[in-house]
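See structure below.
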Amino acid sequence: MHVPCFTTGNFQPHHLFLEDAEYGRALDALVKAVSDILVTSPDGARVFLGKRKVHPQPDWWVIGGRAKPGESPQEAARRNIRRELGLDIPPSRFEVIGSYSLTWAVRAQAPADHGTADISTMHRMVLHAAEESRLKIDEKEYADIGWHTKEEVLAGDFHPVLKQAIRDLQVFELQKRLEEAVDQEAEESELVALTRDYVAAVKASRFDQGKVHVDFDEKARTYVSSCLPGDSCGQ
């Protein structure tokens, strides 16, 4: 999975700050591009999530946020990590694992019930122990941060997008292992076993075209998802 960045002509960004009222009008008219990051432990067994305070997702979520014109997805991910965790990570360490279309019924900007819509490029970034000791949480955004095992997220009350991102991450990791085995000219039996694991992971992560409706109980912090009528949905 990758998201190439093409710049046609001599594009020059003109970044500006929008007041809340103007930004709210923009949200009514536009779909935002966001760069999100699924931070993992070096062994890949755990993911690092933040418990957000604000809408559109006041619960456990990945690190990330809006992209700015002219940024590649990786450059936006780098800026978002710097803003939210205080770490400066080279763009090359952000590896794309998926892309998701997200709509939310509630947003932070008035009128809150107009909601917002995003196209998220999801990255994997491995967090090293030395970096973890230096990170600084953005207390305006997050009430808590912490590690969760992949199994905990897949089995627990977490947003379905987090579950999908972990399934896609497992596909990504198996593809890497398979590529390394081919490069190292591994035994045929190992290649066959890895290929079977990879195909099984692809099937588990497969998402057919369609829309999934997610009901979120903010007080109980529970999720119920269902396929919308007339749509064909995968996992």
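Key figures
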| quantity | calculated |
| --- | --- |
| Single residue of His128, His123 found to be under 21 Å from Ala45 (Cβ atoms), touching a residue at least 40 places away in the same chain (Cβ under 8 Å) and surrounded by fewer than 16 Cβ atoms within 10 Å (Cβ to Cβ) | His128 |
| Which numbered condition Asp20 fails, given (1) closer than 28 Å to Phe216 by Cα; (2) under 18 Å from the mean Cα position of the chain (by Cα); (3) among the acidic types (Asp, Glu) | (2) |
| Any hit, segment 100-108, residues being assigned to a loop (DSSP other than H, G, I, E, B), within 18 Å of the chain's Cα centre (by Cα) and under 20 Å from Ala165 (Cα atoms) | no |
| Positions within segment 35-62 being of a type in the set (Asp, Glu) and under 23 Å from Asp217 (Cα atoms), in sequence order | Asp59 |
| Residue list for segment 149-159, filter: surrounded by fewer than 17 Cβ atoms within 10 Å (Cβ to Cβ) and either in contact (Cβ under 8 Å) with a residue 40 or more places away in the chain or among the acidic types (Asp, Glu) (or both) | Thr149, Glu151, Glu152, Asp157 |
| Residue, nearest to Trp104 (Cα to Cα), within segment 1-47, restricted to residues that are in contact with a His (Cβ under 8 Å, 6 or more places away or on another chain) and surrounded by 16 or more Cβ atoms within 10 Å (Cβ to Cβ) | Leu27 |
| Some residue of segment 87-94 being in contact with a strand residue (DSSP E or B) (Cβ under 6 Å, 6 or more places away or on another chain) and buried (at least 16 other Cβ atoms within 10 Å of the Cβ) | yes |
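Okay, residues lined up against (1) modelled with pLDDT of 95 or more; (2) within 15 Å of Ile37 (Cα to Cα):
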{"residue": "Val96", "(1), (2)": "yes, yes"}
{"residue": "Val106", "(1), (2)": "yes, no"}
{"residue": "Gly115", "(1), (2)": "yes, no"}
{"residue": "Leu127", "(1), (2)": "yes, yes"}
{"residue": "Ser133", "(1), (2)": "no, no"}
{"residue": "His148", "(1), (2)": "yes, yes"}
{"residue": "Phe172", "(1), (2)": "yes, yes"}
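The values are calculated or read from the model by the stated rules, or taken from the named source; none is laboratory data. None of these values were measured; they are calculated from a predicted model. Heads up, the Cβs are rebuilt from the backbone with ideal geometry, glycines too, and the neighbour counts pull from every protein chain shown.
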